[in-house]
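In what follows, a structure is listed as structure tokens, so that the remarks can point back to it.
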Amino acid sequence: MMQQHPNYQIINVDSLTYAGNLENLKSIENNPNYTFSKTDITDAQAVDTLFRQGVDVVVNFAAESHVDRSILEPEVFVKTNVLGTQVLLDAAKKYGVTKFVQVSTDEVYGTLGETGLFTEETPLTPNSPYSASKAGGDLLVRAYHETFGLPINITRCSNNYGPYQFPEKLIPLIISRALSDQALPIYGDGLNIRDWLYVEDHCSAIDLVIHQGRIGEVYNIGGNNERTNLHIVKTILQELNKPEALMTYVKDRLGHDRRYGIDPTKITQELGWKPKHHFETGIKETIQWYLNNKEWWSRIQSGEYQDYSTKQYGDRLGDSL
Ligand SMILES: NC(=O)c1ccc[n+]([C@@H]2O[C@H](COP(=O)([O-])OP(=O)(O)OC[C@H]3O[C@@H](n4cnc5c(N)ncnc54)[C@H](O)[C@@H]3O)[C@@H](O)[C@H]2O)c1
């Protein structure tokens, strides 16, 4: 956003859970048009204070996002993804915004059989506590539009990959473990299918939705790149020149969705969105990025990344900035 719209004033609101890492934003931290606020979106008072400054557009990325964690600890998912969304909606309603964009996921549609794709009309049938909490947030966003006329859009994107992804997610997890010759866990038969999209293509779609999305509409985002988990893992092993013997089949994830596949016709035709990155080159560049930035993910694995925000923002952290 800062590259595409250098004149926009951007407030980055993040409570810095384990998944938040201010090191990723070093390159913009001194930009006069950028402010960081350590704020929990479930804290209505702090959110109200932020909105009082005057906010035109809200893009709600903040979430608990890891399915495995949601199976172990659903409560925090409901808190952030449902209650946090409602707190933001209330503030947006109170102070008025030109657009509220809810960044959601294709996982709210549940699972597909061997054929067919998710369209915006596919019924919401989430299967994990994560996707159920995202669906709950989506329904509140829809309701604030229907009930209060809040100008909203909802985006539902497929699986992202690219640089700076927290190493609990499949691709960085496999790369970092393979480089240390650790066993690579493969759920079930490894044939679950995800539809992969390069992260910057997701961002360009959100940019279009902010500026051109028809009020009240949902837009699916995906690049027609369905791959089995096994294919992803084998591609990484090949690129890293590591043996397939590292693959270790483990008991399947509970409620594991079999297949996701996005039909992006609506955003393509209405808003002219097109992904720039091809999966075959994007995945190779991504693997190379993790190879070149070993220090970045090692600092996450050791927990050191959490010291950065304290050093950078010192005593100002803990309260809203
Ligand atoms: N990663 C994907 O493949 C993908 C695909 C589709 C949609 N999405 C959606 O995109 C958004 C971002 O996903 P991600 O993969 O970057 O997630 P992530 O878990 O890596 O990052 C989430 C961020 O939200 C912050 N956060 C969590 N709870 C908060 C709270 N209560 N208040 C303020 N900040 C809080 C965290 O500190 C972190 O910086 C999520 O809404 C997710 O559902 C992600």
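Split the accessible area of the chain by element, probe 1.4 Å, and carbon with sulfur accounts for 49%. Distance from the C-alpha centroid of region 280-301 to that of region 91-167: 28 Å, rounded to the whole angstrom. Calculated mean residue ellipticity at 222 nm for the chain: -11500 deg cm²/dmol, from DSSP H runs with n ≥ 4 weighted as -39500 (n - 2.57), summed, divided by the residue count and rounded to 500.
Pairwise Cα separations in the chain fall into 10 Å bins from 0 onward with the following percentages, short to long: 5, 25, 36, 25, 8, 1. Restricting to the chain, compute how many DSSP beta bridges are antiparallel as a %, nearest 5. For the chain, the DSSP antiparallel bridge percentage is about 10.
Taking 0.36 nm per residue of separation and subtracting the current Cα-Cα distance, fully stretching the chain between Thr98 and Lys276 would add 61.3 nm. The label-point distance for Gln306 and Asp252, in a model that sets each label 7 Å from Cα toward Cβ, rounds to 3.4 nm. Extension gain, Lys234 to Met2, is 80.0 nm, computed as 0.36 nm per intervening residue step minus the present C-alpha separation. Computed from the Cβ-Cβ distance with R0 of 22 Å, the FRET efficiency linking Asp56 to Asn293 stands at 0.05.
Which lysines have a Cα lying under 21 Å from the Cα of Lys294, excluding residues fewer than 8 positions away in the same chain? By straight Cα distance, Lys294 reaches Lys26, Lys169, Lys234, Lys242, Lys284. Sorted from longest to shortest, the spans of the Cα atoms of region 178-268 along the three principal axes equal 50, 29, 17 Å. Each of His211, His278, His145 has its accessible area taken with a 1.4 Å probe; listed largest first, they run His278, His211, His145.
Here the peptides 192-201, 27-36 are ranked by packing, the mean other Cβ count within 10 Å, and the order with the highest first is 192-201, 27-36. Note down the net charge around Gly149, summing +1 for each Lys or Arg and -1 for each Asp or Glu among other residues with Cβ under 14 Å from its Cβ. Its environment carries a net charge of +3. Solvent-accessible surface of the chain, taken per residue with a 1.4 Å probe and all protein chains present: 48 Å². Here the spin labels are modelled as points 7 Å beyond Cα on the Cα-Cβ line, and at Ile11 and Asp68 they lie 3.6 nm apart.
The values are calculated or read from the model by the stated rules, or taken from the named source; none is laboratory data. Small disclaimer: the values here were computed from a predicted structure and weren't measured. Reconstructed Cβ throughout: ideal geometry from the backbone, glycine too, with neighbour counts over all protein chains shown. Remember, those area values only see protein heavy atoms, side chains included, never the ligands or the DNA or RNA. Shrake-Rupley method; radii C 1.70, N 1.55, O 1.52, S 1.80 Å.
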